Amino acid sequence: MGNAKTWAAVTLAAALIGLTGCTNANKNEGASVATTSGDDKKPITITMFSEDLNSNYENMQSPVGKKITELTGVTLKIDYPVGDPKQKIALMAASGEYPDLIFAKNDSNLIVNAGGFIDLAPLIDKYGPNIKKLYGDYLNRLRWSKDNPAIYFLGTYGVNEKQWEPKDGFMLQHQVVKELNYPKLKNLQDFENAIKTFKEKHPTINGQPTIGLTLIAEDWRIAQSVTNPAVFSTGGSDDGEWYIDDKTQKPVFHYTRPEEKEYFKWLNHMYATGLMDPESFTQKYDQYKAKIASGRVLGLIDSRWQYQEPEQALKQAGKPELTYGIYPIMLNDSLKNRNFQDAGYSAGWGIGISKSAKDPVRIIKFLDWLCSDEAQILNNWGIEGVNYKVENGKRVVTDMDLRNSDPQYGKKTGIGVYGYPFPQYGNGVKDSSGQTYTIKSEQQIMDAYTAPEKDVLSHYNAKMWQDLFPKASEFPVKPWGAAWQINIPSDTEGAVIFQKLEDIVRKRIPEMIIKSPDNFDALWDQFQREMDQAGVHKLEGQFDQLLKQRIELWNNK
């Protein structure tokens, strides 16, 4: 790290912690336009860096991966980070040497500032009919800023997605809820009571000590399981490190809110009373998943995608009663959970073509093909005759049991591997035949429920987990999308302040939770002082301007 330029780039690698997705619900129909032909199918290897790991990536050796190569001539060689991805991205920006494609999330600003991305707008105009069709009216949201209208990447997450399932919340095993005769589960006290009562009656499960609640705090995962729930359970929406009031539209760094003191104080109490796993702040993700798969963890606080794999393993082992229901637990009964608040389409990050790419035309044609009906159906449904069949002009999945139960299904088949972070239609969007691009539907979700799951839901007078949560119609659509996708320019004081605050949060929050309750108030006050000294209010001022610019860019036609 002796190179001063490199070190400067690394220290500027400040980014908002990126958390769950985005939703909305317009239909986007019409036929795709084919772009691959002739020379477009010559063999080519396209290199790519992805900030997010994909445990199902199969080096294009699955049936779907091989089919993509057969249809396009493209072999993707994807590099995933080892260690901190920000450091890798900063080094790329400092060296000026890039792979062909880059998915860098909120660290994209480092590469934009270094001139590492090319403007995709002219390429889309000339070679991107399917890209234009997929994004539709949201294409304008891909533009970098009001002052710089370039399109540097194609936004990830499903366009026009309908949300049918809660993305995050508080989870309890079905066996717990059943044994306690389906208790009221609305606030933190209800959640704690359920864990405590069951754990006292069942100190061991399958011969191992019962764990009341476990969290995962490894690296960035601390946001999903430890810090984000402090916002969600106190009435905030999913805006990453920000709480934004609907009416004032003023952003505050959410840890400064007094309501969240009460949430973290409750976690401190759970730890002190032995209801929380003492390894919550030291365990690795693999250990976390292994504990869940053992069936001895009663409760979780997390995003659903983080525990899907061990939950599938439990189903496969014939133990569906040890899997989880998801509940809109709040600090108190007066607050409303905003899991389903509509953010419209947030296009704050995605896959871009770098200036190092030797054949950007061929690459944009490949990205355009990924947006086509052919590619979207292949990636979601699989291969006709293997994963689905066509009856009376309609696609019918033939391996649904495997899809629902096999944790390795994606890796073995390639289905879904080339969805996120590539461009994709969201759940519920229909193709020209009137069928949805993805196999997900409300009926498909309900059909996949296990018997214990259906039993629990019926006792709460619900058909789906979404029925337990406030509806999207109860909240305004967020005109800024998701604030966690708003880039803080890396060459500003705010980026440096943000990095300092992130370091403080990751150090102090776990410390407050595991120390004696007698010390909590003093540690909280110290935490607030440290954030204040680091410049939290100066950062809020800068982010307020960025938020205003986003709202103006997206809402003034």
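For segment 532-548, what are the residues that are closer than 16 Å to Q249 by Cα and out of contact with any Ser or Thr (no Cβ under 7 Å at 6 or more places or on another chain)?
Answer for segment 532-548, where residues must be closer than 16 Å to Q249 by Cα and out of contact with any Ser or Thr (no Cβ under 7 Å at 6 or more places or on another chain): H537, L539, E540, G541, F543, D544, Q545, L546, L547, K548.
I'd like to check which helices (runs of 4 or more DSSP H) are fully inside segment 325-410 and have at least 2 residues that are of a type in the set (D, E, K, R) and either free of Cβ contacts under 8 Å to residues at least 40 places away in the same chain or under 30 Å from A313 (Cβ atoms) (or both).
Answer list for segment 325-410: 400-405.
Can you pull out every residue in segment 59-92 that is touching a Ser or Thr at 6+ places or on another chain (Cβ under 9 Å) and acidic (D, E)?
D79
I'd like the full set of residues that are surrounded by fewer than 19 Cβ atoms within 10 Å (Cβ to Cβ) and over 23 Å from the mean Cα position of the chain (by Cα), limited to segment 276-301.
Passing the criteria: P278, E279, S294.
Do you know which residues across segment 232-249 are more than 15 Å from L335 (Cα to Cα), more than 18 Å from the chain's Cα centre (by Cα), assigned to a loop (DSSP other than H, G, I, E, B) and not hydroxyl-bearing (S, T, Y)?
K247, Q249
Out of D447, D455, D521, report the one residue that is loosely packed, with under 14 Cβ neighbours inside 10 Å and either without any contact (Cβ under 8 Å) to a residue 12 or more places away in the chain or in contact with a Lys or Arg (Cβ under 9 Å, 6 or more places away or on another chain) (or both).
Every option except D521 fails the conditions.
Can you name the number of the only condition in (1) assigned to a loop (DSSP other than H, G, I, E, B); (2) modelled with pLDDT under 95; (3) over 27 Å from W349 (Cα atoms) that A31 fails?
Condition (3) is where A31 drops out.
For every residue, the table says whether it meets (1) under 24 Å from the mean Cα position of the chain (by Cα); (2) buried (at least 20 other Cβ atoms within 10 Å of the Cβ); (3) more than 30 Å from Q499 (Cβ to Cβ).
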{"site": "I102", "(1), (2), (3)": "yes, yes, no"}
{"site": "N109", "(1), (2), (3)": "yes, yes, no"}
{"site": "V112", "(1), (2), (3)": "yes, yes, no"}
{"site": "G136", "(1), (2), (3)": "yes, no, yes"}
{"site": "P149", "(1), (2), (3)": "no, no, no"}
{"site": "F153", "(1), (2), (3)": "yes, yes, no"}
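May I ask you to verify whether Y345 is modelled with pLDDT under 95, surrounded by 21 or more Cβ atoms within 10 Å (Cβ to Cβ), in contact with a helix residue (DSSP H, G or I) (Cβ under 9 Å, 6 or more places away or on another chain) and under 27 Å from G410 (Cα atoms)?
In short, yes.
The values are calculated or read from the model by the stated rules, or taken from the named source; none is laboratory data. Every value quoted in this text rests on a predicted model; they were computed, and no experiment measured them. So basically every Cβ, Gly included, is an ideal-geometry build from the backbone, and we count neighbours across all protein chains shown.
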